[in-house]
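The values are calculated or read from the model by the stated rules, or taken from the named source; none is laboratory data. Worth saying up front: this structure is predicted, and the values here are computed from it rather than measured. Here the Cβ positions follow ideal geometry from the backbone for every residue, glycine too, while neighbour counts run over all protein chains shown. When the accessible area is computed, the model is the full protein with side chains, heavy atoms only, and any ligands, DNA or RNA have been set aside. Shrake-Rupley method; radii C 1.70, N 1.55, O 1.52, S 1.80 Å.
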Amino acid sequence: MSADEPQALEQEALAAIEQAADERALDEVRVRYLGKKGALSVQMKGLGKLPPEERKARGQVLNALRQKLEQAIAERRAALQAEALQKQLAAERVDVTLPARPERQGRVHPVSHVWEEVVEIFADLGFSVAEGPHIETDWYNFEALNIPPSHPARQEHDTFYFHANEQGERKLLRTHTSPVQIHTMESQQPPIRIIAPGRTFRCDSDQTHTPMFHQVEALVIDRDITMGHLKWTLEEFCKAFFETDNVKMRFRASHFPFTEPSMEVDINCTWEGGQVKVGEGDDWLEILGSGMVHPNVLKAGGLNPDEWQGFAFGIGIDRLAMLKYGIPDLRAFFDTDIRWLKHYGFTALQIPTLSGGLSA
Ligand code: DAH
């Protein structure tokens with residue numbers, strides 16, 4: 001019996017399928033037998049030359065064979081895929097029962113930890129997290145936030161500028177997280193409730209300033225939003241963040257171009273032995289800027305100020321970390337000194353949750 005006979009062909013093809021060591025080999029086998037010029041197709045073509053009585057019977061045999069081979073190939077393919085997956089799983093196996101290595105001295109940076117704490121608190125209040133680019137245009141960082149080119153607030157921002165591009169436009173490193181307000185208004189419809197934690201940059205460096213620092217922006221937009229909503233939100237945040245109901249807050253009239261009215265918020269503290277303690281004593285410490293979103297900012301974000309109102313605030317994350325965890329010098333945050341990190345950092349399992357405790 002030669003491979004020209006269906007039976008021999010079947011045996012030969014099934015053996016080849018079984019021996020195919022991977023999907024590529026299996027494909028070759030498929031082409032060899034079932035492809036346009038494959039062995040089975042050649043036999044099919046030969047049917048025309050047979051006398052009609054034989055042709056029918058032979059045709060049925062060949063069709064059945066085709067189905068059988070197709071099924072065998074599909075089964076082999078599934079088996080090969082399962083095998084490949086098992087191999088990959090075995091190769092990527094991690095023994096999660098291994099003890100943590102004691103020589104690992106890395107810690108979660110206080111900024112990362114406080115960032116997570118802030119996200120946790122606001123997530124619980126129904127806020128979601130938004131992001132924006134570090135490299136911004138003048139429009140997003142200033143103009144859309146009601147800070148036109150001649151505005152004195154621009155000087156306060158000590159902006160890092162890039163060289164002008166071919167169109168004469170100078171990009172910049174965002175000096176605050178407020179541009180995320182505009183991006184958010186552009187990308188989603190109110191009601192909006194977001195916070196935007198992230199890096200910010202200013203050309204400034206001393207004991208309380210670093211060229212890169214962190215802020216968290218908050219933006220709420222809806223119908224009938226009032227200062228009451230803003231005050232309540234800030235009170236809830238402060239109580240949750242400092243983990244005490246006793247923290248006293250003072251709201252002071254202030255000025256920001258992107259809010260009207262604007263206020264700065266202070267919390268009470270003491271300075272015993274040169275160390276600040278929050279939620280005790282009669283001294284005041286400024287922690288954030290806030291206000292009702294200026295109509296011009298709503299317009300820049302494509303919203304009708306007669307229809308929508310909102311509040312916004314911005315907090316320094318590094319400053320929050322210094323206050324809550326008694327860290328005296330901001331510059332040490334970015335010195336990457338392992339001894340400092342061991343002292344002030346958090347272990348990987350100290351994930352802040354409201355149920356388990358933020359700083360626990
Ligand atoms: N963007 C301000 C800054 O970096 C902080 C700020 C103040 C943000 C008031 C706000 C706000 O959203 O309402 O100095």
*Tally up the carbon and sulfur contribution to the accessible surface of segment 31-109 as a whole percent, 1.4 Å probe, everything protein left in place.*
57 percent
*Under the Karplus curve 6.51 cos²θ - 1.76 cosθ + 1.60, θ = phi - 60°, whole-Hz ³J(HN,Hα) for segment 148-165, x wherever Gly or Pro sits*: x, x, 8, 5, x, 4, 5, 5, 5, 8, 6, 6, 7, 9, 8, 5, 5, 8
_Cα-Cα P(r), segment 140-228, percent of pairs per 5 Å interval_ = 3, 12, 18, 22, 19, 13, 9, 3, 1, 0
*What accessible area per residue comes out for segment 110-344, rounded to a whole number of Å², with a 1.4 Å probe?*
48 Å²
*If the cut-off is a Cα-Cα distance under 28 Å, which lysines reach K342, setting aside same-chain residues fewer than 8 apart in sequence?*
K239, K277, K324
*Where only protein heavy atoms count, and the probe is 1.4 Å, what is the accessible area per residue for segment 6-91 in Å²?*
68 Å²
*Nearest 20 debye, what's the magnitude of the dipole of the chain about its Cα centre given +1 on Lys and Arg Cβ and -1 on Asp and Glu Cβ?*
1660 debye
*With charges set only on the Cβ (+1 for Lys and Arg, -1 for Asp and Glu), what does the dipole of segment 6-91 come to about its Cα centre, in debye to the nearest 20?*
460 debye
*With 20 Å bins from zero, work out the P(r) of the chain over every alpha carbon pair and list the percent per bin.*
22, 35, 16, 19, 8, 0
*Relative contact order, percent, the chain [alpha-carbon distance under 8 Å, six or more residues apart]*: 16 percent
*Taking the mean number of other Cβ atoms within 10 Å as a proxy for protection, how do you rank 325-338, 80-93, 284-297, 174-187 from highest to lowest?*
174-187, 284-297, 325-338, 80-93
_Give me a comma-separated list of calculated 3J(HN,Hα) values for segment 87-97, in order, Karplus coefficients 6.51, -1.76, 1.60 applied at θ = phi - 60°, integers in Hz, x for any Gly or Pro._
4, 5, 4, 5, 5, 9, 5, 10, 8, 6, 8
*Which of the lysines could a cross-linker bridge to K36, judged by Cα under 29 Å and excluding same-chain residues fewer than eight apart?*
K45, K49, K56, K68
_Within segment 213-259, what whole-number % of the accessible surface is contributed by carbon and sulfur, with the 1.4 Å probe and all protein chains included in the calculation?_
48 percent
